[in-house]
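Written out below as structure tokens is the structure these notes cover.
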């Protein structure tokens, strides 16, 4: 059975080939060509706010790329691997979750008057700048 853990635990403990389960935000998806063939690399960041961990799969690459996108929160099960002194997870199972991605964005203690003033400045802008600023900041205000 896979152990639920954080990236920090995986990096600090000397566990290799152990089954693990992590939940995190996909911050990068890309394909790579290797000697063993094409692989899918999924970079995951979790609530421990450490560096992301690379999760890889050699199977169903096109299907996984269609389903999973950057910014999604997923649960990944797999075995810990180490290559060139860097740990990664070989994916055995990946599933979307209902956890809001905002949970994975670091919060800041910004005073309410400062936020109010900033919103006022955005509202005073002329289009297209106002539209762009509103679009960028609309989904992040609750993180402050």
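The values are calculated or read from the model by the stated rules, or taken from the named source; none is laboratory data. All values derive from a computational prediction rather than experimental measurement. All Cβ positions, even for glycine, are placed from backbone atoms using ideal geometry, and neighbour counts span all protein chains on display.
Given the criterion in the same structural domain as residue 35 (by TED's automatic domain parsing) and surrounded by fewer than 10 Cβ atoms within 10 Å (Cβ to Cβ), identify the matching residue among 68, 83.
83
Could you count how many residues in the range 71-97 are in contact with a strand residue (DSSP E or B) (Cβ under 8 Å, 6 or more places away or on another chain) and more than 14 Å from residue 21 (Cα to Cα)?
5
Only one residue in 94, 44, 22 is over 12 Å from the mean Cα position of the chain (by Cα) and surrounded by 13 or more Cβ atoms within 10 Å (Cβ to Cβ), so which one is that?
Details: 44 fails: over 12 Å from the mean Cα position of the chain (by Cα); 22 fails: over 12 Å from the mean Cα position of the chain (by Cα).
None of the others qualify; the one that does is 94.
Could we say that residue 37 is over 21 Å from residue 3 (Cβ atoms), surrounded by fewer than 18 Cβ atoms within 10 Å (Cβ to Cβ) and within 9 Å of the chain's Cα centre (by Cα) here?
No: the conditions fail for residue 37.
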